[in-house]
Amino acid sequence: MTPMAWLIIAVIVLPIAYFAWSLATIDRKSVVAIQTNLGSGFAQGTGVNIHRPPILLGLARKLTPGSYEAKLDQWLALAGRPKSMPLTKLIAIKPALALAGAVGGVLLVASNPSPTMIGLGLFLTILLYFLPDLLIYNTGIKRQEAIQLEFPNTLDQMLISVEAGLGFEAAMERASSYGTGPLALELMRTLQDIQVGRPRQEAYEAMAERSTVPDVRSFVLAVIQADKYGIGIANVLRAQAKQARVKRRQKAEEKAMKLPVKVLFPLMFCIFPVLFIVLLGPAVIKIIQMFT
């Protein structure tokens, strides 16, 4: 085998060996003793038992950089923090998937030690490691698109409620109770933050941080400014709702103008060849028969 092939095999085998060595050399008795002492002390002080994290999660946290963990947490926030995939589970499942991909790559290389199989094993390992990230990121993008689509209608509902005599927070509660999308959940979470004692400005800023929609950030900034300088909230809602409707219409027009360009290539390479075969095929066959 070439030195390049050995190098690629080492890239696959060394992480597996390091992971196995970490599992084999960890002092489980000391970890269990420390967790037991901490748990008993916490239980005696408060009467509540703590949840002990598994060893795999601790190793996964050690192998995951802090900046990368913060990025994953941000993506989970944009995705609405799904209950089926919390941050701890996401961090623990990534090395397990990578290990499974590495084992599969080693088996492929062992069956056929060719450069193609080596590259396939590396690609499988990397793909399985970043597969949860892709799923979370895709969920976050779809959720932000749903928020952007629901935003003008939600502002109209809040504007109607405020003009009817309700306060701003009561209007938010009414819009969140009658809504069913992710924007309603974000409004409900903001109200819950305010109810537990979080300052209003921090709760509004946290809602803007959990979204990448520019309209939501603009709305939060306008609400904070109105609350600070005593501007009528009805006027702010009316202006923001009008601006959001205009942006939604412009975005729809932009997508409609991009549609012919997107349809051009499937039309040229998929529809036109079949159409030409159906229309010109019999004529070409007859011409070939006449000249042969």
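The values are calculated or read from the model by the stated rules, or taken from the named source; none is laboratory data. Please read all numbers here as calculations on a predicted model, not as lab measurements. Neighbour counts run over all protein chains shown; Cβ positions are idealised from the backbone, glycine included.
Which one is farthest from LEU72 (Cα to Cα) among residues in segment 115-128 that are buried (at least 19 other Cβ atoms within 10 Å of the Cβ) and either of a type in the set (A, V, I, L, M) or under 17 Å from the mean Cα position of the chain (by Cα) (or both)? Before the answer, list the steps.
If we filter segment 115-128 for residues that are buried (at least 19 other Cβ atoms within 10 Å of the Cβ), which is where we start, we get 118, 121, 124-125, 128.
From what is left, the residues that are either of a type in the set (A, V, I, L, M) or under 17 Å from the mean Cα position of the chain (by Cα) (or both) are 118, 124, 128.
Numbers: ILE118: 29, LEU124: 21, LEU128: 16 Å.
Checking each candidate, the answer is ILE118.
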Going by what's in this entry, would THR88 be described as of a type in the set (Ser, Thr, Tyr) and crowded, with 16+ Cβ neighbours inside 10 Å? no
Scanning segment 164-175 residue by residue, those part of a loop (DSSP other than H, G, I, E, B) and either surrounded by 16 or more Cβ atoms within 10 Å (Cβ to Cβ) or hydrophobic (A, V, I, L, M, F, W, C) (or both) turn out to be ALA164, LEU166
Quick check, is TYR178 in contact (Cβ under 8 Å) with a residue 12 or more places away in the chain, exposed (fewer than 13 other Cβ atoms within 10 Å of the Cβ), closer than 24 Å to ALA79 by Cβ and under 27 Å from the mean Cα position of the chain (by Cα)? yes
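Do you know which of the residues in segment 225-250 that are more than 19 Å from ASP156 (Cα to Cα) and in a helix (DSSP H, G or I) is nearest to the chain's Cα centre (by Cα)? Reasoning before the result, please.
Going through segment 225-250, the residues more than 19 Å from ASP156 (Cα to Cα) turn out to be 225, 227-230.
Checking which are in a helix (DSSP H, G or I) leaves us with 225, 227-229.
Values: GLN225: 30, ASP227: 32, LYS228: 33, TYR229: 36 Å.
In this case the residue turns out to be GLN225.
Step by step: first the residues of segment 193-216, then only those that are within 24 Å of the chain's Cα centre (by Cα), of a type in the set (D, E, K, R) and assigned to a helix (DSSP H, G or I), then the one that is surrounded by the fewest Cβ atoms within 10 Å (Cβ to Cβ). Which residue is that?
Restricting to residues being within 24 Å of the chain's Cα centre (by Cα), of a type in the set (D, E, K, R) and assigned to a helix (DSSP H, G or I), the top hit is GLU202.
Just to be sure, is PHE219 more than 20 Å from the chain's Cα centre (by Cα), aromatic (Phe, Trp, Tyr) and surrounded by fewer than 20 Cβ atoms within 10 Å (Cβ to Cβ)? First the steps, then the outcome.
On the way: more than 20 Å from the chain's Cα centre (by Cα): yes; aromatic (Phe, Trp, Tyr): yes; surrounded by fewer than 20 Cβ atoms within 10 Å (Cβ to Cβ): no.
For PHE219, the condition - more than 20 Å from the chain's Cα centre (by Cα), aromatic (Phe, Trp, Tyr) and surrounded by fewer than 20 Cβ atoms within 10 Å (Cβ to Cβ) - is not met.
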The residue that is surrounded by the most Cβ atoms within 10 Å (Cβ to Cβ), considering only those in segment 129-144 that are at pLDDT 90 or above and either touching a strand residue (DSSP E or B) at 6+ places or on another chain (Cβ under 6 Å) or hydroxyl-bearing (Ser, Thr, Tyr) (or both), is THR139
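In segment 91-114, how many are in a helix (DSSP H, G or I) and surrounded by fewer than 13 Cβ atoms within 10 Å (Cβ to Cβ)?
3
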Tabulated pairs, segment 269-284, first touching a residue at least 60 places away in the same chain (Cβ under 8 Å), second in a helix (DSSP H, G or I) and among the hydroxyl-bearing types (Ser, Thr, Tyr), C-beta under 6 angstrom, 6+ apart or interchain: none
Pair list, Cβ < 7 Å and 6+ apart or interchain, from segment 97-122 residues that are over 22 Å from ASP133 (Cα atoms) and free of Cβ contacts under 8 Å to residues at least 60 places away in the same chain to residues that are surrounded by 14 or more Cβ atoms within 10 Å (Cβ to Cβ) and among the β-branched types (Val, Ile, Thr): MET117/VAL109
